[in-house]
Structures are given as structure tokens and as C-alpha cells.
Amino acid sequence: MTADHDFTRAPDVTGFFDPATNTISYVVADPASGACAVIDPVMDIDYAAGRITHDSSDRIIAHIRDNGLTLEWVIESHVHADHLSGAPYIQQQLGGKIGIGAKITEVQETFGKVFNEGTEFQRDGSQFDALFEDGDRYTIGTLPCFAMHTPGHTPACMVHVIGDAAFAGDTLFMPDGGSARCDFPGGSAEQLYDSIQRVLALPDHVRLFICHDYGPGGRQIAWETTVAEQKAANIHVGAGKTREDFVKFRTERDAQLAMPKLIIPSLQVNMRAGEVPKDAAGNPVLKVPVNGL
């Protein structure tokens, strides 16, 4: 999968930090053609007021237009539990195809039951334009890209390698942030460790861009690191930490974590490729399953 990938090609990467959810979205552009992709865009929600807005996605749209770029892809690294996807809003404005990992069907099956979605909710990933399998290759303009299936945080997690840049989603955080939780339905600390080892097998110089940062220790928010830095210094998996050590730590740590504040609206929207579900009258509406998570 990596042997014939061109790791010398360097896309232009611009990060957009959303302080409400500590999410970093990306515009990844091919300097040779002006084609680009958006990765993990955010739709804003005031959950208490039931109000949705698009300021975060509008910043991304403005950047693409101001730089004369052409959007080819909107890629979700996984079904996020901490923010709502802005993918369909951006697609409506700029076009492009929305893609996610093919294991989205497992996530849809699990949470279709949690939210009692009924038979009208399709559980085949058909809400998305493309479903990536492990090793699938594609392009952004002239940039070579491939997808790596990296389950553990969720069954559908993918890392996308675009030239010399890899977009890690929640598979890895910055070295001083470690790794993501594995206690959601379908998660597995064992799988996450194995997935991270696949990412760390990429060439040392590969740039890694992460989806969330919380500024541990009060440092400034950051989102770019390298494979070499992760192997040397990641507090959960670096410096030769074993699978057994990681699983023990991750299991104990996850048992202490509260649910993400936006998990209930996020899952309903994101398993639909960013579309808000509607009631029988066609009005957008969100459910709150009681004791369902």
C-alpha cells in the first residue's frame, strides 16, 4: 500500500480550529492543479437553544473561494461524537464528493438501534458519495492519496494519506495528548493500538495532522506533528510502549471519562453524512434516547 505511494509530494495544508469543540478541520490543496479536499468540517450548534449555524464552514468556504481552489472531496475521518459535520453544507456551496470509511455501515447499524430510527433509516452508507475500503487509492487533482482503515476509536475510522501528509482523525492526538478513547460501542483498545502501529510504520518524515487538540498543560493549540515525533514522544504509545501497557492504561482511563457534550446530536447527524434528521412533517428534529448510551 505504501511501497509505491509518492511521499515526496507536499500538499498545502490549512487548519481551521473550532474552539467550541476543539476540532481542527483542514483544507488540503494540490499546488499543481488548485484542486482541494476538506477534511472533518464542523457545523455549529447551540444545543441548549436547538439552533444550527454555519460560521465554521463559512470560514472554510471563504478560504477555498479566496484562493481560487476547486473542491473535489469532503472527507470524514470517522463518525464524530463531539461535533456535527458541515459536509453537506459545504457540498451545497462548492460541490465535491462526501466520503467516509466503508465500516460506516456498522456504526449506522449500532446507533440506528440506539436512536430507534426504524426501517426508513438506510444502514448501507448510501448517504455518502464514496465509501473507502482499506488501501483504496484516489486523487486530489494530481496528488496521490490512499486510505488506511484504523479501527479502535470507532469501527469506521480511517487515516487518509495525501502526498507527504497523513490526516489521523482521532487515531492519534499530538504527542503530549496521546490517543483517543475506545469505550464507545464498537471501540477497542486492542484495535486502536494495532491501528496506531500501522500509522507509525509510515515514513518518519510524514506530516501528521490531528483532528482534536486540548492544549494539555496550558500550551497553545497545535495540530501538526510527524511520524518520527510520535514514535519518540507520544505519551500513550511512543518510546516502545507495549500493547499490554496501552490496553491497560486506555481501559482504566476511559472508565473515568464523561460522555462528550454533543454526542447525542453528533451521532444522529454524522451517521447521515451531516444531514439533520426530520420528523414526519419534514421538520429538522433531534432525539434524546434515555439511558441509551
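Each reported figure results from applying straightforward, stated rules to the coordinates on display, with no laboratory input. This is a predicted model, so every value here is computed, not measured. Cβ coordinates were reconstructed from backbone atoms using ideal geometry, including for glycine residues, and neighbour counts include every protein chain displayed.
One table, with the values for the structure above:
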| quantity | calculated |
| --- | --- |
| Among 126, 79, 260 the positive-end extreme of the charge dipole of the chain (Cβ point charges) | 260 |
| For residue 197, net neighbour charge (Lys/Arg +1, Asp/Glu -1) across residues whose Cβ lies under 12 Å away | +2 |
| Long-range HN-HN contacts of residue 285 with modeled amide H, under 5 Å | 278, 279 |
| 29 Å Cα-Cα threshold exceeded, pairs from 241/261; 97/278; 248/287 | 241/261; 248/287 |
| Sites residue 134 and residue 53, calculated FRET efficiency, Cβ-Cβ separation with R0 41 Å, nearest 0.05 | 0.70 |
| Given charges at Cβ of Lys, Arg, Asp, Glu: the chain dipole, positive-most of 16, 108, 90 | 108 |
| Distance between modelled label sites at residue 198 and residue 183, nm, 7 Å Cα→Cβ extension | 2.6 nm |
| Label-to-label distance, nm, for residues given as residue 8 and residue 290 (7 Å Cα→Cβ offset) | 6.4 nm |
| Least to most buried among 74, 13 (fewest other Cβ within 10 Å first) | 13, 74 |
| Spin-label pair residue 244/residue 20, simplified geometry with 7 Å Cα→Cβ offset, distance in nm | 4.6 nm |
| Viscosity 0.890 mPa s, temperature 25 °C, Stokes-Einstein D of the chain from Kirkwood C-alpha radius, µm²/s | 128 µm²/s |
| Residues 275, 244, 106 arranged by fewest to most Cβ contacts within 10 Å | 244, 275, 106 |
| Stretch gain in nm, segment residue 120-residue 46, where the contour uses 0.36 nm per residue and the Cα spacing is subtracted | 23.9 nm |
| In range of the label at residue 255: residues from segment 179-202 whose backbone nitrogen is under 16 Å from the point 7 Å along Cα→Cβ | 182-184, 189-190 |
| Segment 12-264, relative contact order in percent, only Cα pairs under 8 angstrom and at least six apart counted | 15 percent |
| Local electrostatic count at residue 126 - Lys and Arg +1, Asp and Glu -1, tallied over other residues with Cβ under 13 Å | -2 |
| MRE, 222 nm, helices only [DSSP H, n ≥ 4, -39500 (n - 2.57), over the chain, to nearest 500] | -7000 deg cm²/dmol |
| Summed residue charge, Cβ within 15 Å of residue 68's Cβ, Lys/Arg positive, Asp/Glu negative | -3 |
| Neighbour-count order for 158, 148, fewest beta carbons within 10 angstrom listed first | 148, 158 |
